[in-house]
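This report refers to the structure that appears directly beneath it.
What follows draws every value from the coordinates through simple rules; no lab data is involved. Note that the structure is predicted; figures quoted are calculated from it, not measured. Ideal geometry is used to build each Cβ from the backbone, glycine not excepted, and the neighbour counts take in all protein chains shown.
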Amino acid sequence: MKIDRLIGILSVLLQKEKTTAPELAERFEVSRRTINRDIEDLCKAGIPIRTVQGTGGGISIMDGYRMDRTVLTSRDMQMILAGLRSLDSVSKDRYYERLMEKIKAGSSRFVSGQDSILIDLTSWHKDTLIPKFEILQDAVENRHTVTFHYYAPSGESERSVDPYFLVFRWSDWYLWGWCHDRQDFRMFRISRMDRLQGTDTVYEVREAPVPDISDEKIFPGKIRVKVLFAPEMKWRLIEEFGPESFTVKDDGRMLFDADYSDMDSLVTWLLTFGDKAEILEPAEARTRLKEVIGNMAKIYGKEDDHEQTDEAEI
């Protein structure tokens, strides 16, 4: 990707007195013409790059900028490399691993041999995510429309979307793009996509707002919830909501008091605690839970009846 190459070129220039277009072209496996365009883009971004033609010439950062050559400390470089390494977890051809080696080659005195941060961005869907990620990444870069079958809580649908951003949030990957069906920007969870395909249709770039991925925007607190949890569930409350989300009662149980986004999600969440949670408020949630538990009892009651019938026949 172009942005990764620009970062790599800048890293080389910050650590070396001078380099040449052929050297950069060989290092980043692109043409000299591409390197020349990259140098122009870096200049437009405000980096004072000087190019000298002929024998003894080359590409370097202007002398007046030399004080900033050490702007990247060893820790800074470790953070950059950790970020690139994390992207390799969703890369099919290990592109970022090769990019890291190129950056390290020009930054050896800034980079120690020890990796202290390891990040895996594949979530729970590694086998299916990486092919999708590759299609979407190419579509974003080339401004091509994508199509897919989408599974949502509201139902299934065929979607045609102009992709703008790939977003990693809430331990999963999302696509932010212009939905042709809704005629607006929408967020799609990539794991819910099926039959994803890139197209040859080049879409007209719109003024795309950066997606608001704050918890308050995506999961607005609409329902005030009060739940009593058994003491052995403390680890889950701390993991999911933090130690300030509850108060410990005299009997050791924990009173959870917070806002929740919607009733269906609340009921589903409470069911994962089994008999270790008692919903106090709202009353509607108690009613819904009773209905669900009653329906489950009927289902498993039928299985018991079948077993008794089978035993009687034997």
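Computed quantities for the displayed model
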read-out: Inter-site label distance for I238 and R192 at 7 Å from Cα along Cβ, in nm; value: 3.3
read-out: Packing-based order for 160-168, 139-147, using average beta carbon neighbours within 10 Å, highest first; value: 160-168, 139-147
read-out: Table column - 3J(HN,Hα) (Hz), the stretch 200-212, Karplus curve with 6.51, -1.76, 1.60, x for Gly and Pro; value: 8, 6, 8, 8, 7, 5, 9, 6, 8, x, 5, x, 7
read-out: Entries in K226/K290; K249/K276; K226/K298; K222/K290; K44/K132; K226/K249 that, when Cα-Cα distance is taken, lie over 25 Å; value: K226/K298; K44/K132
read-out: Karplus-derived HN-Hα couplings along the stretch 30-35 (A = 6.51, B = -1.76, C = 1.60, θ = phi - 60°), whole Hz, x at Gly and Pro; value: 9, 7, 5, 4, 5, 4
read-out: FRET E, pair L280, F168, Förster distance 35 Å, beta-carbon r, rounded to 0.05; value: 0.45
read-out: Sequence-distant residues sharing a close amide H with E281 (under 5 Å, placed H); value: K226
